[in-house]
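In what follows, a structure is listed as structure tokens, so that the remarks can point back to it.
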Amino acid sequence: MARLPRLTLPGYPHHVVQRGNNRQAIFASAADYRALLDLIGEQARAFDVAVHAYVLMSNHFHLLVTPQTADGLPKMMQTVGRSYVRWFNQRQQRTGTLWEGRYKSTLIQTDRYLLACMAYIDLNPVRAGLVERPQDYPWSSHLHYAGVRADALVTAQPLYWELGNTPFAREAAYAELVHRGVEPSQQSALTDATLSGWALGEPDFVADLQKRTERRVAKKSAGRPFLHQKSPVK
């Protein structure tokens with residue numbers, strides 16, 4: 001069966017994951033983390049992609065982005081991926097692939113999943129046991145939203161601005177949201193949708209989305225279609 005193209009539509013937030021091949025480390029030093037962030041920033045600007053959240057883990061990274069064009073996100077990820085492999089291989093005196101195939105992504109419903117996805121990304125280092133609090137991890141956008149440092153890579157999505165009327169109010173509200181954590185059902189939905197490539201949202205959202213693309217956006221229901229049977233002859 002032919003592989004479906006990625007679901008990418010302009011104007012919608014997308015959760016993106018890129019993993020290292022065989023879960024190998026994709027960073028060997030702080031300079032590598034900074035190099036990847038620089039590449040993401042450069043290519044996001046070049047291809048008109050807004051980066052709302054990110055986290056760089058030892059063997060993979062997450063992005064929450066909104067592309068403004070149909071091909072902006074694929075071109076950005078392709079350029080970032082190739083450029084970073086050249087950087088990493090040269091510094092480590094290695095050859096060959098670094099990534100586990102294509103990046104994974106899903107398109108999400110903003111009002112239902114965007115803030116949950118941001119918290120999900122922020123809490124990755126905590127779930128991995130690297131830190132006790134997301135603000136203790138240096139390679140994520142959480143410090144920007146917590147008001148600890150300004151991050152030029154980050155573009156806040158309008159839903160974030162609705163959390164409060166002042167920067168302090170927004171930072172406090174967002175910190176509380178992350179502190180509460182992500183519901184297990186939402187965490188599972190975000191993980192499954194990203195790995196499978198199906199759109200994540202309520203039925204009406206998914207149905208409206210399907211009208212905007214020829215690419216199938218949701219998995220077909222399992223089982224055969226129901227066949228009406230004739231009534232038995234008495």
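Which net charge results when you count Lys and Arg as +1 and Asp and Glu as -1 among the other residues whose beta-carbon is under 13 Å from that of Ala70? Numbers along the way, then the final one.
Numbers: positive: Arg6, Lys75, Arg212, Arg215; negative: Asp48, Asp71, Glu214.
Neighbour charge sum, excluding Ala70 itself: +1.
When DSSP beta bridges are restricted to pairs lying wholly in the chain, around 95% turn out antiparallel. Helix 72-92 versus the longest principal axis of the chain: what is the Cα-based angle in degrees, 0 to 90, to the nearest 10? Approximately 40 degrees, to the nearest 10. Alpha-carbon geometry of the chain: the Rg and the Dmax are 19.8, 81 Å, given in that order. For helix 167-180, what angle does its Cα long axis make with the longest principal axis of the chain, in degrees from 0 to 90 and rounded to 10? Orientation of helix 167-180: about 60 degrees from the principal axis.
Expected output is a single nm value to one decimal: the length gained when fully extending between Lys75 and Ser185, i.e. 0.36 nm times separation in residues minus the C-alpha distance. What is it? Don't jump to the answer; show the numbers that get you there.
On the way: separation 110, 0.36 × 110 = 39.60 nm, distance 3.19 nm.
Full extension from Lys75 to Ser185 adds 36.4 nm.
In segment 36-170, Rg over Rh equals 0.97, where Rg is the alpha-carbon radius of gyration and Rh the Kirkwood radius from pairwise Cα distances. For segment 68-108, the Kirkwood hydrodynamic radius comes to 11.7 Å, computed from all pairs of different C-alpha atoms. Rg/Rh for segment 14-111 stands at 0.96; both radii use Cα atoms, and Rh follows the Kirkwood definition. Taking 7 Å steps out from each Cα toward its Cβ at Asp38 and Ala173 produces label points 3.7 nm apart.
In segment 99-132, which trypsin sites (Lys or Arg not before Pro) fall in coil by DSSP and have 10 or fewer other Cβ atoms within 10 Å? Provide the component values of the computation, followed by the final result.
Numbers: sites: Arg102, Lys104, Arg112, Arg127; in loops: Arg102.
Passing both the DSSP loop test and the Cβ count: no residue.
Pairs of alpha-carbon atoms within less than 8 angstrom and 6+ residues apart define the contacts here; what relative contact order does the chain have, in percent? Present the calculation step by step, with values, prior to reporting the outcome.
Working: 335 pairs, mean separation 55.8, N = 234.
Rounded, it is 24 percent for the chain.
Enumerate the residues in segment 57-100 having an amide nitrogen under 18 Å from the point lying 7 Å beyond the Cα of Ala30 toward its Cβ. From segment 57-100, the list is 57-58. Can you count the Lys pairs in the chain whose Cα atoms are under 29 Å apart, with each pair 8 or more apart or on different chains? Pairs that pass both the separation and distance tests number 10.
A Förster distance of 22 Å, applied to the separation of the beta-carbon atoms of Asp204 and Leu4, puts the FRET efficiency at 0.45. Could you work out how far helix 110-122 tilts from the main Cα principal axis of the chain, as a 0 to 90 degree angle to the nearest 10? Roughly 40 degrees, rounded to the nearest 10.
Each reported figure results from applying straightforward, stated rules to the coordinates on display, with no laboratory input. All values derive from a computational prediction rather than experimental measurement. Cβ: placed from backbone, ideal geometry, glycine included. Neighbour counts: every protein chain shown.
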